[in-house]
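First up is the structure itself, then whatever we jot down about it.
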Amino acid sequence: MFGPVRSYTEGSETQGRPKVEAAQLAAFSHFHCFLPPREETAAQALANLVERWLQRNRASPTVKYQTFNGQSVPVPSLSEQGLHSYAARARRGHGLSPSTESAIYQPPRWEAILAAHARISPRIHRTPILTSASLNAMTGAQLFFKCENLQKTGSFKIRGASNAILSMTEKEVAKGIVTHSSGNHGAAVACAAAWRRVPAWIVMPQNAPAVKVNAIEGYGGKVVFCEPSVTARKATCDRVQAETGAHLVHPYDDDRIIAGQATAAKEFLEDLGDLDAVFAPVSGGGLLSGTCLGAKGIRANVRVFGCEPERADDAYRSLTTGTLQSQDSSDTIADGLRASLAPRTFAILRRHVDRILLVSEEEIISAARLVWERMKIIIEPSSAVAIAPLLKPGVVASLNLPRRADGGAPKLGVIFSGGNVDLSSLLWN
């Protein structure tokens, strides 16, 4: 169902964003619209809603400012002329991609996710789903684990990277690929670039784990180190791109990446169609955004929760305040979760994520060790962030999930994002 979402002032929005009825829309001076994938009637509904808004309120919405990466950026207003044009385009079934006219971001459609899955399936693993009676007893839920730690390159990142790189033209890849990464995305890009037989430059923070640096070099990637901050990553990446002419494949602020990451949740719900909720770690938001689209594309009412370290909590702050919050650096042990949301991923999470659950460093370490001991598999700290909240007493009950028709405990899906760990320096040592 189409749902306009009110623009709240900073600090006033709760994480459970209320939907508003069409009759209430005239009370708002500006609003955001989100069009979910796979809904054939959504365009017509949107067109009618816009026209009703115009009839009730002839004044043009004012320009709204939001904080993106520490800067106050104006969000272009929707003029009356632009709204009429947008409504007309919606009725004709035209694409509703971002434009200066509409100022509306449309996430990858279901068709893009299907195409991504078809493109990458011959190259990647359909990872297994594991269970643990011990963890079920500890949490009071039926837990199912999508093991992307067993994926090629050791993480889910190969899904998005391969979708982006395999979909590029020969001209786009002719001078190679460049990206910035804490490790897993870099390995995935290096691997996918090797499949296309082109070079890859990977900008990495100086404090990246050695095991991830070695993996990238093993796939043929050329590592360029930088200071451990988002600003330094971007600046160094821009410099390398200018020097080489390589094509940028951003770790998460790219629809091709998001569509590829969505295939993990798509597989999850194809194999377990009655999950009540899915939990995934969040950093830049590529995986969590893709999880929203991939899971809800199959089961519209499945709940999606993001999980985040307390020491890298920009997603939590962004959804709590209703404005995009920046985070330039973090020292969390979950080294794969030190980035911050982009406007693209923030737009998807605002629409689809129920809550962001925070965990401490101690809880991350404890959860990782528990999984190693009880499930006999290797997960990295970023993966442990997705299970750690559920191990806290009372958290599952606090999610307020609907009662299952079969009377059983809730079925919860957890995505283990990766398993690239330096075995010479284990977390609990």
>> Given the condition in a loop (DSSP other than H, G, I, E, B) and either touching a Phe, Trp or Tyr at 6+ places or on another chain (Cβ under 7 Å) or under 21 Å from Ser167 (Cα atoms) (or both), answer yes or no: does some residue in region 306-317 qualify?
In response: no
> Inside region 209-224, can you point out the residues that are buried (at least 24 other Cβ atoms within 10 Å of the Cβ) and closer than 18 Å to Leu423 by Cβ?
Replying inline: Lys212, Ile216
> Restricted to region 347-359, and to residues that are crowded, with 23+ Cβ neighbours inside 10 Å and out of contact with any Gly (no Cβ under 7 Å at 6 or more places or on another chain), which residue is nearest to Lys234 (Cα to Cα)?
Replying inline: Ile348
> Restricting attention to region 338-358, which residues are under 17 Å from Val304 (Cβ atoms) and touching a strand residue (DSSP E or B) at 6+ places or on another chain (Cβ under 9 Å)?
Replying inline: Phe346, Ala347, Leu349, Arg350, Arg351, His352, Val353, Asp354, Arg355, Ile356, Leu357, Leu358
> Is it true that Ile356 is assigned by TED's automatic domain parsing to the domain that holds Ser425 and over 23 Å from Leu423 (Cα atoms)?
Replying inline: yes
> Among the residues of region 394-429, how many are in contact (Cβ under 8 Å) with a residue 24 or more places away in the chain and among the basic types (Lys, Arg)?
Replying inline: 2
> Would you pick out the residues in region 155-170 that are buried (at least 24 other Cβ atoms within 10 Å of the Cβ) and either among the hydroxyl-bearing types (Ser, Thr, Tyr) or over 16 Å from Ile258 (Cβ atoms) (or both)?
Replying inline: Ser155, Ser162
>> Against the definition (closer than 25 Å to Leu269 by Cβ, crowded, with 18+ Cβ neighbours inside 10 Å and not aliphatic (A, V, I, L, M)), how does Trp110 come out, yes or no?
In response: yes
> In this structure, does Leu319 turn out to be over 21 Å from Ser382 (Cα atoms), in contact (Cβ under 8 Å) with a residue 24 or more places away in the chain and aliphatic (A, V, I, L, M)?
Replying inline: no
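Would you check which residues across region 400-429 are among the hydroxyl-bearing types (Ser, Thr, Tyr) and either at pLDDT below 95 or not assigned by TED's automatic domain parsing to the domain that holds Ile365 (or both) and list them?
Ser424, Ser425
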>> For the condition part of a helix (DSSP H, G or I), touching a helix residue (DSSP H, G or I) at 6+ places or on another chain (Cβ under 9 Å), surrounded by fewer than 24 Cβ atoms within 10 Å (Cβ to Cβ) and in the same structural domain as Pro128 (by TED's automatic domain parsing), what is the one hit in Leu288, Leu269?
In response: Leu269
> Any idea which residue in region 140-154 is farthest from Gly186 (Cα to Cα), counting only those that are surrounded by fewer than 21 Cβ atoms within 10 Å (Cβ to Cβ) and in contact with a Lys or Arg (Cβ under 9 Å, 6 or more places away or on another chain)?
Replying inline: Gln142
> For region 400-418, how many residues meet the condition of being under 26 Å from the mean Cα position of the chain (by Cα) and either outside any loop (DSSP other than H, G, I, E, B) or surrounded by fewer than 21 Cβ atoms within 10 Å (Cβ to Cβ) (or both)?
Replying inline: 11
> Could you count how many residues in region 178-236 are closer than 19 Å to Leu150 by Cα and aromatic (Phe, Trp, Tyr)?
Replying inline: 1
> Which one of Ala386, Ala397 is touching a strand residue (DSSP E or B) at 6+ places or on another chain (Cβ under 8 Å), part of a helix (DSSP H, G or I), assigned by TED's automatic domain parsing to the domain that holds Lys296 and under 26 Å from Gly294 (Cα atoms)?
Replying inline: Ala386
> Does Asp271 count as under 11 Å from the mean Cα position of the chain (by Cα) and either within 24 Å of Pro199 (Cβ to Cβ) or touching a residue at least 40 places away in the same chain (Cβ under 8 Å) (or both)?
Replying inline: no
>> So, restricting to helices (runs of 4 or more DSSP H) that lie completely within region 165-239, which ones have at least 2 residues that are acidic (Asp, Glu)?
In response: 170-173
> Somewhere in region 324-340, is a residue at pLDDT below 95, of a type in the set (Lys, Arg) and on the phi < 0 side of the Ramachandran plot?
Replying inline: yes
> In region 193-208, how many residues are crowded, with 19+ Cβ neighbours inside 10 Å and within 24 Å of Ala334 (Cβ to Cβ)?
Replying inline: 5
> Of the residues Ile364, Ile356, Ile379, which is in a loop (DSSP other than H, G, I, E, B) and either aliphatic (A, V, I, L, M) or in contact (Cβ under 8 Å) with a residue 40 or more places away in the chain (or both)?
Replying inline: Ile379
>> Condition check: more than 19 Å from Ile378 (Cβ to Cβ) and either in the same structural domain as Gly413 (by TED's automatic domain parsing) or out of contact with any helix residue (DSSP H, G or I) (no Cβ under 8 Å at 6 or more places or on another chain) (or both). Does Thr131 satisfy that?
In response: no
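The values are calculated or read from the model by the stated rules, or taken from the named source; none is laboratory data. Not measured: the values here are computed from a predicted model. Note that each Cβ is placed from the backbone with ideal geometry, even for glycine, and that neighbours are counted across all protein chains shown.
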